[in-house]
Amino acid sequence: MSDAFYVSTPIYYANGEPHIGHFYTNLIADALARSMRLNGSDVFFSTGTDEHGQKIKHSADELNISTEEFVERNSNAFRNMNTLMNCSNNTFIRTTNEQHKKAVIALWNRLWENNCIYLSEYSGWYSIREEAFYDESEIIDGLSPFGSPVEWTKEESYFFNLSKWQEPLLNLYKDKDFIFPQSRSNEVINFVKSGLRDLSVSRINSQWGIPVPNNPKHTIYVWVDALTNYLSALNYPDTNSTLYQKYWANGKTVHVIGKDILRFHAVYWPALLMAAELPLPKKLIVNGWWTSNGQKISKSLGNAVDYSNLIEMFGLDAVRYFFLREISLGNDGDFDQKIMINRINADLSNNIGNLVQRSLSMVHNYCDGYIPKYSLTHLDNELLQQFYNAIQHQVITGNTLSLIQTLADRANKFIDKEAPWTLKVNDVDRMHSVLFITLEIIRCIGIYLMPYIPDSSKRLLSYIGINEVKNFKELNNTLQSGVKLPTFSPLFPRILSQG
Ligand code: MSP
């Protein structure tokens, strides 16, 4: 029986166009979903747009267009990003959908019925930009911990009894696998141990959001609204629906999130779910942030790197590869186009590309394009075993791609050492075996690359006569001698330096 997994990205503020930061978070989730599917799991993968909140309304007002039109436009930009990046999501959720609104209201009612929400008065610091509340102790030089302006707010508000969930939350974090990487887990544990205050979960005078049931002068706090997307994507509140049953009630949920929204996902979200007596996510994978030439990427600085230009210049898979390879999952990275070009050339053109190019050329020139016959020595078998068992697919850590580079490098060295061009003259049988081993290694590398660069790996595998791979188990299906291979062309042409 296959495991059911639910993989999600955050839903992106429909407040502007997507940039490499959003592209990156989606990419991690996509590689993860693809990798789990190839592992035999049944995966449902969701992404979407977060469309409520004062900030969004302000932005639409500034442009003098209706908020509906504004969010529709931006939501479409995110949808287009998914198409462009070959994202394998199964659904795209918008918080302005009626289905989503129903889910938020149902969750709210459930919290209310469970006496976890009460009406009182809020006074404290609120950042409109982050749509987040902060304690006095968290304010640094008059700004939020993430550097946004905050305003002192005093108003009637509904509260969620977050303080009551301190112990259950600390118990949850005892599962060392709950938050990746571990350093982020420590950050959360310290925050929760320092004491939790009840959370203000409604705003008054906010006209763009979901009204509180029975008290429409209040709007449900945008983060409660947004977090519920993970349930509405699975048809909640219809808890009998197949999607909800399979992936939320009985599946394992993995939320991929950026480090800036950790508190919402590691503290508020599980507490809300516990309060509503709903199952909890299994894992949070927390990615770091990309800067652009050392600076935070922001609309106001106008330094957002346009992923679509990169894709146009270098090809989708080269760009996907770079972002997933360049930094280990969890770390921050600085985007620099020159580094990107060097990386693509070194890893994809010179290492993997060269391995494929020279091996296939020899098979076509020395063996008429047929997969050669072979006879393997004990050492050959040992070598191949290392390739068959090189990668465990349970988690993507960002190091898989560097491991694949090591494999390609080892394969290139194997070819250099065995020198099929010399064997061709004095030991044709051995030459056949060496080329067969090389094709087998290419097959492994092609399969390992599938979650990361799906199109190119498909092409690569087609060059060795494999049309489709549905499961990593197919690593066991050795190539058949005597099969005629199709013609091929370079996979990753070298990028010439651009000044
Ligand atoms: N709408 C909320 C999330 C609600 S989820 C229930 C939000 N949206 S966001 O558009 O601001 O950010 C979405 C994701 O993009 C976050 O995971 C964030 O970390 C990620 N990134 C935004 N800029 C980024 C970089 N410069 N680098 C890497 N990821 C970044 O927060």
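What is the sum of charges, Lys and Arg at +1 and Asp and Glu at -1, for the other residues whose Cβ falls under 13 Å from the Cβ of residue 156?
Once all neighbours under 13 Å are counted, the net charge is +1.
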*Tell me which residues come under 5 Å, amide H to amide H, from residue 132 once H is placed; ignore anything under 5 positions away on its chain.*
127
*What ³J(HN,Hα) values, in whole Hz, does the Karplus curve 6.51 cos²θ - 1.76 cosθ + 1.60 give for the stretch 212-223 when θ = phi - 60°, with x put for Gly and Pro?*
5, x, 6, 8, x, 6, 9, 10, 5, 3, 4, 6
*asked:* Going by amide H atoms built from the backbone, whose H comes under 5 Å of the H on residue 48, apart from near neighbours?
replied: 12, 93
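Longest exposed-loop-site-free stretch of the chain, with GluC sites (Glu not before Pro), DSSP loop and at most 13 other Cβ within 10 Å? Mind showing how you got there, number by number?
Details: sites that count: 277, 468.
Value returned for the longest uninterrupted segment is 1-276.
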_Checking the cross-link filter: which aspartates and glutamates have an alpha carbon closer than 16 Å to that of residue 473, excluding same-chain neighbours under 8 positions apart?_
3, 42, 440
*Add +1 for every Lys or Arg and -1 for every Asp or Glu among the other residues with Cβ under 11 Å from the Cβ of residue 464, and state the total.*
+1
*Taking amide H positions as placed 1.01 Å from N in the peptide plane, with prolines and chain starts having none, which residues 5 or more places from residue 212, or on another chain, fall under 5 Å of its amide H?*
218, 219, 220
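I'd like the trypsin sites (Lys or Arg not before Pro) in the stretch 86-193 restricted to DSSP loop residues with at most 11 other Cβ atoms within 10 Å, sorted by number. Intermediate results must be reported in sequence, preceding the final value.
On the way: sites: 94, 101, 102, 110, 129, 154, 164, 174, 176, 184, 193; in loops: 129, 174, 176.
Within the stretch 86-193, the qualifying trypsin sites (Lys or Arg not before Pro) (loop, at most 11 other Cβ atoms within 10 Å) are 174, 176.
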*Kirkwood hydrodynamic radius of the stretch 374-491, Cα pairs, Å*: 15.1 Å
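Would you please classify the overall shape of the stretch 90-162 from the alpha carbon gyration tensor, given that a ≥ b ≥ c denote the square roots of the eigenvalues, rounded means a/c under 1.5, and beyond that prolate means a/b larger than b/c while oblate covers the rest? Please report the intermediate quantities before stating the final value.
Values: a/c = 2.88, a/b = 1.45, b/c = 1.99.
Because a/c hits 1.5 or more and a/b fails to exceed b/c, the stretch 90-162 counts as oblate.
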*asked:* As I understand it, the dipole of the chain uses +1 on the Cβ of Lys and Arg and -1 on the Cβ of Asp and Glu, about the Cα centre. Which of 5, 488, 254 lies farthest toward its positive end?
replied: 488
*asked:* Based on alpha-carbon centroids, what's the gap between the stretch 199-218 and the stretch 156-197 in Å, whole number please?
replied: 25 Å
*Gap separating the Cα centres of the stretch 1-78 and the stretch 360-395, nearest whole Å*: 40 Å
*Any of 282/470; 154/252; 282/458; 193/296 with alpha carbons more than 28 Å apart? Name them for me.*
154/252; 282/458; 193/296
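Quick one: Cα convex hull volume of the chain, Å³ per residue?
Numbers: hull volume 80.1 nm³, N = 499.
Residue-normalised Cα hull volume stands at 160 Å³.
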*Using θ = phi - 60° and the Karplus form 6.51 cos²θ - 1.76 cosθ + 1.60, what ³J(HN,Hα) does each residue of the stretch 10-25 get, whole Hz, x for Gly and Pro?*
x, 8, 8, 4, 7, 10, x, 7, x, 10, 4, x, 5, 3, 5, 4
*asked:* Counting only other residues whose beta carbon sits under 13 Å from that of residue 285, what net charge do I get with K and R as +1, D and E as -1?
replied: +3
_Charge dipole (debye, nearest 20) of the stretch 391-499; +1 at Cβ of Lys and Arg, -1 at Cβ of Asp and Glu_ = 120 debye
*Which ³J(HN,Hα) values in Hz, rounded to whole numbers, follow from the phi angles of the stretch 366-381 under the Karplus curve 6.51 cos²θ - 1.76 cosθ + 1.60, where θ = phi - 60° and Gly and Pro get x?*
9, 10, 6, x, 9, 5, x, 6, 8, 9, 9, 7, 4, 5, 4, 4
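Read-outs throughout are calculated quantities, based only on the coordinates presented, and are distinct from any laboratory measurement. Quantities reported herein were computed from a predicted structural model and do not represent experimental measurements. Positions of Cβ are generated from backbone atoms using ideal geometry, with glycine treated the same way; all protein chains shown enter the neighbour counts.
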